[in-house]
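Asker: Let me give you the structure first, and then I'll get to my questions.
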Amino acid sequence: MWYLELENLAKVDPELVEMMKKEIDRQEYSLELIPSENFVNPALFEAMGSVLTNKYSEGYPRKRYYGGNQFVDMIEQLAIDRVKKIFGVPYANVQGYSGSPANFAVYMATCKPGDLIMGHALPDGGHLTHGWKTSFSGIFYNSVQYHVKQDGYIDIEEVRRLALENKPKLIWVGGSAYVRQFPFEEFSKIADEVGAYLAADVAHVTGLIIAGEHSNPVPYVDIIMTTTHKTLRGPRGAIIMVTERGLKKDPLLGEKIDKAVFPGLQGGPHDHTTAAIAAALNLAMKDDFKEYGRQIVKNAKALADSLMKRGMKLVSDGTEVHLMLIDLTPFGKGKGIFVQEALDLAGITLNKNTIPADPSSPFYPSGVRLGTPAVTSRGMREEEMDIIAGMIVRVIDEVKNYEMPDEKEKRAEVLKKFREDIEKNEVIKEVKQDVVELCKRFPLYKK
Ligand code: DSN
């Protein structure tokens, strides 16, 4: 297949193709457990790698700043119509380059710089763009953050109290490391009490919402932002929707979102991405997408149970979505980096992640985050989740006693020794072999 062989690109840039082929093999022969990643249907590569990348289309369908957009108009309108149909919303913008700029557009449409906003704290499973201090959202806006309780569920009483005390203009519900379902209805009551806009960031769970595996935010929130490359299995991009509820609150909200995306924030839309979004939405409308969403959650529950059965502690003792967090504090604090790197070497990709009330820092957190969308895309089921849990625990057992020193200047030396040790570790080498064999049984693109 052209997207594996890259013959023409090799003629103009063999050095680049060598690197790309290594990445193709990495994806084919490793287990991708980062819960925000996925594999697109290869048919979408034909949209992403198409002549549409040549076009400038600033503006919106039938209201462009450049000529020659008659066909791009049709493509963008197709994507918009499919979003409206799938989610039952009156308004959609499909031009967001990715989740963070799309969230920025939501701020621009609803707030002025310095306004008070409220979001889910990053270490508790929220997102940088929901008001975290190092992001534009915590720099340009006055941010108040809510948290999860010890049981891993959002502290809805804290949300209510903070909202009543601070009267935010905008409240976010959603995040990137939350293992329970987002309580949209409770948030809507609080937003109504204080007159705030309520925005749901469902980037992680869109595919689950479409499949009916996660509660639907549409009746409860004003604005919905989703990326298109996670559980939706599309290209890297974003969609912003306004609901009937949102238009009732502010009839101009759709226009404000459009103006915020362009000219407020972005330039020309990526038309090749828009086309691939349209195709991903078409696939998501098929019955087998519902089955896919169901299997993601079944696999996540199976993986969580298998890890706990083998003695691992999970945040909130499990999951009801596509992801979970292993709490590594029973072995000590700041162990996420050791586990991530050792598993990476074994061909199992996940990411170090903070856990609620993490005793360490975001760069050296005490947990790892993993999920099942990508392995489900390649056809794996509960049986394979049990095998994967066994592999993960074998590797964790090899590295759980490494300690990250509190003194910053000693860390590089510890990591250097750790990296030398894992390169030589026989168990990690064995697991790597098992991973390759398992991946060959569930081919990704090399069919
Ligand atoms: N980086 C994404 C994730 O991994 O969840 C969120 O933006």
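The values are calculated or read from the model by the stated rules, or taken from the named source; none is laboratory data. In this text the structure is predicted, and so the values were computed from the model without any measurement. So basically every Cβ, Gly included, is an ideal-geometry build from the backbone, and we count neighbours across all protein chains shown.
Asker: Checking the condition within 16 Å of the ligand (Cβ to nearest atom) and at pLDDT 95 or above, which residue from Pro183, Pro235, Pro217 passes?
Answerer: Working: Pro183 fails: within 16 Å of the ligand (Cβ to nearest atom); Pro217 fails: within 16 Å of the ligand (Cβ to nearest atom).
Residue meeting the stated conditions: Pro235.
Asker: Just to check your reading of the model, which residue among Val393, Val427, Val431 is over 30 Å from the mean Cα position of the chain (by Cα), part of a helix (DSSP H, G or I), under 24 Å from Ser30 (Cβ atoms) and not charged (D, E, K, R)? Please lay out each step first, then the result.
Answerer: On the way: Val393 fails: over 30 Å from the mean Cα position of the chain (by Cα); Val431 fails: over 30 Å from the mean Cα position of the chain (by Cα).
Just a single option satisfies the conditions, and that option is Val427.
Asker: Only one of (1) more than 14 Å from the ligand (Cβ to nearest atom); (2) surrounded by 17 or more Cβ atoms within 10 Å (Cβ to Cβ); (3) closer than 28 Å to Ile326 by Cα fails for Phe140. Which number is that?
Answerer: Failed condition: (3).
Asker: Which is over 30 Å from Ala121 (Cα atoms) and either more than 16 Å from the ligand (Cβ to nearest atom) or outside any strand (DSSP E or B) (or both), of Lys417, Lys410?
Answerer: Details: Lys410 fails: over 30 Å from Ala121 (Cα atoms).
Residue meeting the stated conditions: Lys417.
Asker: Now, a different point. Tally the residues that are under 23 Å from Phe45 (Cα atoms), of a type in the set (A, V, I, L, M) and within 12 Å of the ligand (Cβ to nearest atom), restricting the search to the stretch 220-232.
Answerer: Of the stretch 220-232, the ones under 23 Å from Phe45 (Cα atoms) are 226-232.
After this cut, where a residue has to be of a type in the set (A, V, I, L, M) as well, the list is 232.
With the extra rule that they be within 12 Å of the ligand (Cβ to nearest atom), the set shrinks to none.
Going through the stretch 220-232 one residue at a time, the tally reaches 0.
Asker: Please enumerate the residues belonging to the stretch 113-137 that are within 12 Å of the ligand (Cβ to nearest atom) and in a helix (DSSP H, G or I). So that I can check it myself, show each step before the final result.
Answerer: Restricting attention to the stretch 113-137, the residues satisfying the condition of being within 12 Å of the ligand (Cβ to nearest atom) are 122, 125-130, 132, 135.
Hits for the stretch 113-137 are Leu122, Leu128, Thr129, His130.
Asker: To continue, here is another question. Are any residues in the stretch 392-447 among the hydrophobic types (A, V, I, L, M, F, W, C) and without any contact (Cβ under 8 Å) to a residue 60 or more places away in the chain, and if so, which ones? Spell out how you get there, then give the answer.
Answerer: As a first pass, look at the stretch 392-447 and keep what is among the hydrophobic types (A, V, I, L, M, F, W, C): 392-393, 395-396, 399, 404, 412, 414-415, 418, 422, 427-428, 431, 435-436, 438-439, 442, 444.
Within the stretch 392-447, Val395, Ala412, Val414, Val427 meet the criteria.
Asker: Which one is surrounded by the most Cβ atoms within 10 Å (Cβ to Cβ) among residues in the stretch 331-355 that are in a loop (DSSP other than H, G, I, E, B) and within 16 Å of the ligand (Cβ to nearest atom)?
Answerer: Ile355
Asker: Which one of these does Glu185 not meet: (1) touching a Phe, Trp or Tyr at 6+ places or on another chain (Cβ under 6 Å); (2) crowded, with 24+ Cβ neighbours inside 10 Å; (3) under 29 Å from Asp317 (Cα atoms); (4) not polar (S, T, N, Q)?
Answerer: Result: Glu185 passes all but (2).
Asker: Now, a different point. Filter the stretch 85-107 for residues that are of a type in the set (Val, Ile, Thr) and part of a loop (DSSP other than H, G, I, E, B) and give the result.
Answerer: Across the stretch 85-107, the qualifying residue is only Val89.
Asker: Could you list all residues from the stretch 200-214 that are more than 16 Å from the ligand (Cβ to nearest atom) and part of a loop (DSSP other than H, G, I, E, B)?
Answerer: Hits for the stretch 200-214 are Ala211, Gly212, Glu213.
Asker: Pull up the stretch 29-41, narrow it to residues that are more than 20 Å from Thr227 (Cβ to Cβ) and outside any loop (DSSP other than H, G, I, E, B), then point me to the one that is farthest from the ligand (Cβ to nearest atom).
Answerer: Residues of the stretch 29-41 that are more than 20 Å from Thr227 (Cβ to Cβ), as a first pass: 29-31.
From what's left, outside any loop (DSSP other than H, G, I, E, B): 29, 31.
Details: Tyr29: 22, Leu31: 17 Å.
Filtering first and then ranking leaves Tyr29.
Asker: Name the residues in the stretch 150-181 that are of a type in the set (Lys, Arg) and touching a residue at least 60 places away in the same chain (Cβ under 8 Å), would you?
Answerer: Just the residues of the stretch 150-181 that are of a type in the set (Lys, Arg), to begin with: 160-161, 167, 169, 180.
Arg180, the sole residue that qualifies.
Asker: Go over the candidates Asp358, Asp288 one by one and state the one that is acidic (Asp, Glu) and part of a loop (DSSP other than H, G, I, E, B). Don't jump to the end; show me each part of the working.
Answerer: Details: Asp288 fails: part of a loop (DSSP other than H, G, I, E, B).
Unique residue meeting the criteria: Asp358.
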